[in-house]
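Student: After the structure tokens below, expect a handful of questions from me.
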Amino acid sequence: MPAIIRVAVPEDAQRLPAIEISAAQAFRMIDGLSWLVESPPMSVEQHRQRIALSTCWVALDAENRPQGFLSAARHGNDLHIYELSVMHAVQGLGWGRRLVEAAKDYARANRLSFVTLTTFTSVPWNAPFYARLGFQIKATADLDQSLAALLSEEYQHGFAPGSRCAMAWPVA
């Protein structure tokens, strides 16, 4: 059964860290990235903050339980995706794509310029996945201050140099 996508509500916040932890299991088999499995997820408080902004969406199963989420925030005239996670057991069913489509719909409805994100360049369900959804890798020289700062912070937290990229989807 396809997931139902809706804007997250405060009651969802407690469930979202477990989804992120489950989703991270996919990194277990990737050399150099298995450490992500042990990394702490976003806090419940961070989730509550994004939920309060109405820029967090959840994918619900047949019992109305969140099985995936997309957490974003507006930066000027852009919507930045901070996290897309789907429970490991239901990955590959199109729920992540549908969550990204919800974020794109929000950006269209609010007449934003871009939907942006940072991601791994060579992990199949990262940059290649987003490219199939119309996102384009932004050259380092073309990054605005916000995206450049996000990438820099990620490298400071242990990601290998050059392993990450910024991507953007033009709303127009």
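Student: In the range 1-92, which strands (runs of 3 or more DSSP E) lie fully inside it and hold 1 or more residues that are closer than 25 Å to R164 by Cα and either touching a His at 6+ places or on another chain (Cβ under 9 Å) or not hydrophobic (A, V, I, L, M, F, W, C) (or both)?
Tutor: 56-60, 66-75, 78-86
Student: Working only within the range 1-43, note down all residues that are modelled with pLDDT under 95, hydrophobic (A, V, I, L, M, F, W, C) and closer than 24 Å to F159 by Cβ.
Tutor: I21, A23, A24, A26, F27, M29, I30, L33, W35, L36, V37, M42
Student: Moving to a separate point now. Among the residues of the range 70-98 satisfying the criterion of being under 25 Å from E153 (Cα atoms) and of a type in the set (A, V, I, L, M, F, W, C), which is surrounded by the fewest Cβ atoms within 10 Å (Cβ to Cβ)?
Tutor: A73
Student: Looking at P40, P17, P10 in this structure, which one is under 16 Å from the mean Cα position of the chain (by Cα) and over 17 Å from M87 (Cβ atoms)?
Tutor: That would be P40, the only listed residue that is under 16 Å from the mean Cα position of the chain (by Cα) and over 17 Å from M87 (Cβ atoms).
Student: Of all residues being aromatic (F, W, Y) and in a strand (DSSP E or B) in the range 102-145, which is modelled with the highest pLDDT? Just the residue, please.
Tutor: Looking at the filtered set, the residue picked out is F114.
Student: When the residues of the range 63-78 are narrowed to those that are over 21 Å from P41 (Cβ atoms) and of a type outside the set (D, E, K, R), which ends up farthest from the chain's Cα centre (by Cα)? Reasoning before the result, please.
Tutor: From the range 63-78, those over 21 Å from P41 (Cβ atoms) are 63-64, 74-78; that's our starting set.
Okay, now just the ones that are also of a type outside the set (D, E, K, R), so 64, 75-77.
Numbers: N64: 21, H75: 15, G76: 18, N77: 18 Å.
By that ranking, first place goes to N64.
Student: Count, please, the residues in the range 125-147 that happen to be of a type in the set (S, T, Y) and closer than 21 Å to D105 by Cα.
Tutor: 1
Student: Please verify whether the range 90-100 includes one or more residues that are more than 24 Å from Q67 (Cβ to Cβ) and touching a residue at least 60 places away in the same chain (Cβ under 8 Å). Don't jump to the end; show me each part of the working.
Tutor: Of the range 90-100, the ones more than 24 Å from Q67 (Cβ to Cβ) are none.
No, there is no match, as no residue in the range 90-100 is more than 24 Å from Q67 (Cβ to Cβ) and touching a residue at least 60 places away in the same chain (Cβ under 8 Å).
Student: Given the criteria at pLDDT 95 or above and under 14 Å from the mean Cα position of the chain (by Cα), does L60 qualify?
Tutor: Here the answer is no, as L60 does not meet what is asked.
Student: Just give me the residues in the range 31-70 being polar (S, T, N, Q) and on the phi > 0 side of the Ramachandran plot, in sequence order.
Tutor: Within the range 31-70, S54, N64 meet the criteria.
The values are calculated or read from the model by the stated rules, or taken from the named source; none is laboratory data. The shown structure was predicted, so the numbers you read here are calculated from the model rather than taken from an experiment. With ideal geometry, Cβ positions are generated from the backbone for all residues, glycine too; neighbour counts draw on all protein chains shown.
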